[in-house]
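Below you'll find the structure, written out as structure tokens, and then a few comments.
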Amino acid sequence: MNSENIISIDLGGTKLRVRATSPVISEALEFEIPGKNLRLMGELEFGKLLLTVKERVEKTFGKIPFCWLIGAAGARGTSDEQKIALLLSDLGIKANTVRVYSDFKASWAAAFNGSPGIISINGTGSIVFGKNHDSEMRKGGWGYLLDDTPSGACFGRLAAQGLMHHWESIQCKSVNNLEILADIYSRKYQQWPQEKSAFTDLIYSGTNIQQLFGGLAPLFLEASEAGCAWCRNHIDSSINLLFCQIYTIASEIFQEKPVSFCGIGGLWENSEYFVKIFSELLSSQKKNGFSEPLNSLISVKHAVNPTIAGPKVLFFLEEN
């Protein structure tokens, strides 16, 4: 496998990351293009993405066959492998091998090189996954309509709710400081609707609501950092729910403590404020109903978004 030509694809909720390697060229080719959950794309739309990848890769490597390794949000293993292999063939793309994995499993393998550990993916969507040799467990990953753990879609949905509360002038102690949220929105989202009716039309007529909510996540985080108590309370609640998911996995499938932990995704990459709150809440955490504090159970390895590492990912997923 190490000598093969490899195209590794990380297909998340809003973008597709590509890494292509070949023994004929020393440096890897890496790039990103817009994308979305595999289950939300039709064959034509996904086919166009694959052709875009093919054309970009051929400019660097020429017309040589590759092994395609795809970690995708919404992937369903063998059935998707067969469909994608057929689609590549129909598109005239020569593939030595096609392997399809859940995006969270591929990210886990890239983050820990196959060693035991827990990842929390918090990008457009969210999911927590832990693997300890033959034991594995996942929590969340229900999709943007149901998940309340930290994600761009969750925080964006909350930002939309906050704006609606503000426009309706809700008078309630639990709904306060929303003028901060509304002020930032009016200044930085001038191309978006600025009143309730047009805003709800935008939300419910959108073809990719998950991506639309993801676009509002920076607003939510900035408003919290600027002093919006309503936003901050929701962030704290969301992170505490994430702590419960991590604790459950750490305590149920890991005997040796502390467990390596890695945060992956856009919130970890792009928001120092989110990372700061996570770290502060983790360090100040009491038992909170747990048998022991979470910060004694996990060791934060890093907070990054590792590129899928081609041969390593394939090896660790198939060997473990």
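Just so you know, all these numbers are worked out from the coordinates, no wet-lab data involved. In this text the structure is predicted, and so the values were computed from the model without any measurement. Note that each Cβ is placed from the backbone with ideal geometry, even for glycine, and that neighbours are counted across all protein chains shown.
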Check which residues have an amide H placed less than 5 Å from TRP142's amide H, if you skip close sequence neighbours.
ASP147
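Any chance you could tell me what percent of the C-alpha pair distances in segment 1-125 go past 24 Å?
Working: 1824 of 7750 pairs.
In whole percent, the long-distance tail amounts to 24.
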Could you work out the local net charge near PHE274, counting Lys and Arg as +1, Asp and Glu as -1, over the other residues with Cβ closer than 13 Å to its Cβ?
-4
If you line up the long axis of helix 178-188 against the longest principal axis of the chain, both from Cα atoms, how many degrees apart are they, to the nearest 10?
50
Mean Cβ neighbour count within 10 Å, used as a protection proxy, ranking 234-240, 23-29, 11-17 highest first
11-17, 234-240, 23-29
In sequence order, what are the phi-derived ³J(HN,Hα) couplings for segment 133-141 according to the Karplus relation 6.51 cos²θ - 1.76 cosθ + 1.60 with θ = phi - 60°, rounded to whole Hz, with x for glycine and proline?
6, 8, 9, 9, 7, 10, 9, x, x
How far is helix 272-283 tilted, in degrees, relative to the longest principal axis of the Cα atoms in the chain, given as a value from 0 to 90 rounded to the nearest 10?
80
Using 20 Å bins from zero, what percent of all Cα-Cα pairs in the chain falls into each bin?
31, 53, 16, 0
Three-way shape label, segment 138-209, alpha-carbon gyration tensor, a/c 1.5:
oblate
Please determine, in degrees from 0 to 90 and to the nearest 10, the orientation of helix 310-319 with respect to the longest principal axis defined by the Cα atoms of the chain, where the helix direction is its Cα long axis.
90
So if I average 1/r over every pair of distinct C-alpha atoms in segment 13-71 and take the inverse, what Kirkwood radius in Å does that give?
12.4
Out of the DSSP beta bridges found with both residues in the chain, what percent are antiparallel (nearest 5)?
55
Low-density loop trypsin sites (Lys or Arg not before Pro), segment 82-160, at most 13 other Cβ within 10 Å, DSSP non-H/G/I/E/B, are LYS94
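Antiparallel DSSP bridges in segment 18-159: what percent, to the nearest 5? Don't skip to the answer; put the middle values down first.
Numbers: 16 of 23 bridges.
Here the antiparallel bridges make up roughly 70 percent for segment 18-159.
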Phi angles of segment 193-206, converted by Karplus (6.51 cos²θ - 1.76 cosθ + 1.60, θ = phi - 60°) into ³J(HN,Hα) in whole Hz with x for Gly and Pro, give x, 10, 8, 4, 4, 5, 5, 5, 4, 4, 4, 8, 9, x
Could you please state, rounded to a whole Å, how far the C-alpha centre of segment 192-244 is from the C-alpha centre of segment 64-117?
32
Calculated from DSSP H runs of 4 or more alone, at -39500 (n - 2.57) each and per residue, what is the 222 nm mean residue ellipticity of the chain, nearest 500?
-15000 deg cm²/dmol
Amide proton proximity set for ILE70, modelled H, under 5 Å, gap of 5+
ILE9, ARG99, VAL100, TYR101
Placed amide H near ILE298: partners under 5 Å, 5+ positions off or other chain
VAL259
With a cut-off of 8 Å between alpha carbons and a minimum separation of six or more residues, what is the relative contact order of the chain in percent?
19
Which pairs in the list LYS15/LYS131; LYS94/LYS131; LYS196/LYS276; LYS48/LYS83; LYS15/LYS63 are over 22 Å apart, alpha-carbon to alpha-carbon?
LYS15/LYS131; LYS94/LYS131; LYS196/LYS276; LYS15/LYS63
